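Q: I'd like to ask you about the structure that follows.
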Amino acid sequence: MAQNISMEEFEALLQESFEIDTPEEGSVVKGKVIAIEAGQAIIDVGYKMEGRVDLKEFADPGEEAEIAVGDTVEVFLRAAENARGEAVISREMARREEAWDRLEKAYADEERVDGAIFGRVKGGFTVDLGGAVAFLPGSQVDVRPVRDAGPLMGLKQPFQVLKMDRRRGNIVVSRRAILEESRAEQRAEVIGNLTEGQAVDGVVKNITEYGAFVDLGGVDGLLHVTDMAWRRVNHPSEILTIGETIKVQVIKINKETHRISLGMKQLQDDPWDAVAAKYPLDSVHKGRVTNITDYGAFVELEAGVEGLVHVSEMSWTKKNVHPGKIVSTSQEVEVMVLEIDGSKRRVSLGLKQTMRNPWEVFAENNPVGKEVEGEVKNITEFGLFIGLENEIDGMVHLSDLTWEGRGEDVIGDYHKGEMVQAVVTEVDVEKERISLSVKALGGDPFAEVADGVKRGSIITVEVTAIEEGGVEVDYEGMKSFIRRSTCPVTVLSNVQSASALATSLTCV
């Protein structure tokens, strides 16, 4: 027998059925595709509510939508009815809500998420994370700056969520973090298989002024410029090119920092092992100037063996001259081996030793008493410097300028560049000193007036004048000046004139 219900009860039941069947606005609901027309899918979301969604909302970036009549899909109910009596629904917003739930869980668990770069914005790129759009900063794209991001566009790949704010709708992701993690795992594996002293093949990845980075199959090692060859290498590009495959030796591995030091020259024979035998002391060899400094020049005897020619060993005559004015880079020169220090890998070389000492040559060719001619190079307060053969100088002291009067009085008659003649009076090879005399050109007038008087004889002279620097004396008509510095003379304070001075004044 049918149960009778009141009108109030019927309305309550009807209202309850409305609340059960009618989806709540602002929520994700399931619907069924009942038709596809004009680029849109018509979806029944229940209780005779239908809405339209553009087909592009069902497709991933760069792909076509895969949807058919009868498919069940989730959409976001924005409004139950619009002006045309249709439900306002969005597949994109449903995917976004679903994506945010999934991303928040991944972020909390520090898990990777899949996504695809689909656009470029200021400072970086946009990434579709399965419905939610994230920002990928330019610095987080790769471990190295990316010049062309074209190959990465639309490619599904993993990302790490760095930051997210659901209220503001902000998500920041990183591709670089994934790459670094993968590289760290790969690096650890490669380093674990390497040992110091091992020879391996590698590819030159990058070249700098101080060396080259070599890829050993997932991990980079540094090949310093000093470990490329035994010879001097000014720049790595002299012997390496990017992309070249080379054989290197593992010199050192730092397990903590994962830094690997490599060497090429270690795989070759060390030329220093034979230096002492090949280059004995005092032997002369040809070499090439590789570098010039303020203190000398480096000369390469062979690949990997360089010696230093100190500035003091460069020239017999050019004492205070920069090495660059004596030799030039790449010049081939002859040098003598002066010293070898195998422990310090040093060879001392001499350039001037390959040529004869010019003072020895002068002494052989110009004995004492020989007349020579040269140009006045310099005039000083104590005499003249005369340029002689082989770029050496001789000096004419003031006392050797004239027999009559003082040298100070006649030195003003000489000028730089003037050619003068003189007599060689002494050559000291050890001290590199040549003494000349101009007054000796005309012979010794003293010999004519003083027969039997020799150098070192004690004579009596007459004082003819007293001056501050010494006294003027006369010996048998020949006048001379005795300096206080060469022969101390004491003049009494009460002596008023030269004639009052004892005529027996002697200078021993």
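Q: Pick from R187, R175: which is surrounded by 13 or more Cβ atoms within 10 Å (Cβ to Cβ) and in contact with a helix residue (DSSP H, G or I) (Cβ under 7 Å, 6 or more places away or on another chain)? Can you show your working first?
A: On the way: R187 fails: in contact with a helix residue (DSSP H, G or I) (Cβ under 7 Å, 6 or more places away or on another chain).
Going through R187, R175 in turn, the sole match is R175.
Q: Moving to a separate point now. Pick from the stretch 425-478 the residues that are of a type in the set (S, T, N, Q) and surrounded by fewer than 16 Cβ atoms within 10 Å (Cβ to Cβ): which of them is modelled with the highest pLDDT? Spell out the reasoning first.
A: Step one: filter the stretch 425-478 for residues of a type in the set (S, T, N, Q), giving 425, 435, 437, 457, 460, 464.
With the extra rule that they be surrounded by fewer than 16 Cβ atoms within 10 Å (Cβ to Cβ), the set shrinks to 457, 460, 464.
Numbers: S457: 69, T460: 77, T464: 82.
Residue satisfying both the conditions and the ranking: T464.
Q: Another one. Just give me the residues in the stretch 261-310 being in a loop (DSSP other than H, G, I, E, B) and more than 28 Å from G211 (Cα to Cα), in sequence order.
A: Passing the criteria: Y279, P280, L281, D282, S283.
Q: A further question follows. Please verify whether A303 is farther than 18 Å from Q353 by Cβ and in contact with a Phe, Trp or Tyr (Cβ under 9 Å, 6 or more places away or on another chain), treating the condition exactly as stated. Before the answer, list the steps.
A: Working: farther than 18 Å from Q353 by Cβ: yes; in contact with a Phe, Trp or Tyr (Cβ under 9 Å, 6 or more places away or on another chain): yes.
For A303, the condition - farther than 18 Å from Q353 by Cβ and in contact with a Phe, Trp or Tyr (Cβ under 9 Å, 6 or more places away or on another chain) - is met.
Q: Yes or no: R345 touching a residue at least 60 places away in the same chain (Cβ under 8 Å) and among the basic types (K, R)? Step through it out loud before you land on a result.
A: On the way: touching a residue at least 60 places away in the same chain (Cβ under 8 Å): yes; among the basic types (K, R): yes.
Yes; evaluated as a whole, the condition is true for this residue.
Q: List every residue pair whose Cβ atoms lie under 9 Å apart, where the two residues are 6 or more positions apart in sequence or sit on different chains, the first residue falls within the stretch 311-327 and is free of Cβ contacts under 8 Å to residues at least 60 places away in the same chain and hydroxyl-bearing (S, T, Y), and the second residue, located anywhere, is surrounded by fewer than 19 Cβ atoms within 10 Å (Cβ to Cβ) and assigned to a helix (DSSP H, G or I).
A: Note: pairs meeting the criteria are S315/E391.
Q: Taking the stretch 361-414, which residues are assigned to a loop (DSSP other than H, G, I, E, B), in contact with a strand residue (DSSP E or B) (Cβ under 6 Å, 6 or more places away or on another chain) and of a type in the set (A, V, I, L, M)?
A: V368, L388
Q: State all residues of the stretch 255-265 that are in contact with a helix residue (DSSP H, G or I) (Cβ under 9 Å, 6 or more places away or on another chain) and of a type outside the set (D, E, K, R); if no residue qualifies, say none.
A: Taking the stretch 255-265 and keeping what is in contact with a helix residue (DSSP H, G or I) (Cβ under 9 Å, 6 or more places away or on another chain), we get 255, 258, 260-265.
The answer is H258, I260, S261, L262, G263, M264.
Q: Among the residues of the stretch 321-339, is any modelled with pLDDT under 90 and of a type outside the set (V, I, T)?
A: The answer is no; no qualifying residue exists.
To keep it simple, each residue is scored yes or no on (1) in the same structural domain as D413 (by TED's automatic domain parsing); (2) under 27 Å from the mean Cα position of the chain (by Cα); (3) surrounded by fewer than 19 Cβ atoms within 10 Å (Cβ to Cβ); (4) within 24 Å of D428 (Cβ to Cβ).
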site	(1), (2), (3), (4)
A303	no, yes, yes, no
H322	no, yes, yes, no
Q331	no, yes, yes, no
V337	no, no, no, no
G342	no, no, yes, no
P367	yes, no, yes, yes
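The values are calculated or read from the model by the stated rules, or taken from the named source; none is laboratory data. Everything numeric here is computed off the predicted structure, so don't read it as measured data. Positions of Cβ are backbone-derived with ideal geometry, glycine not excepted, and every protein chain shown enters the neighbour counts.
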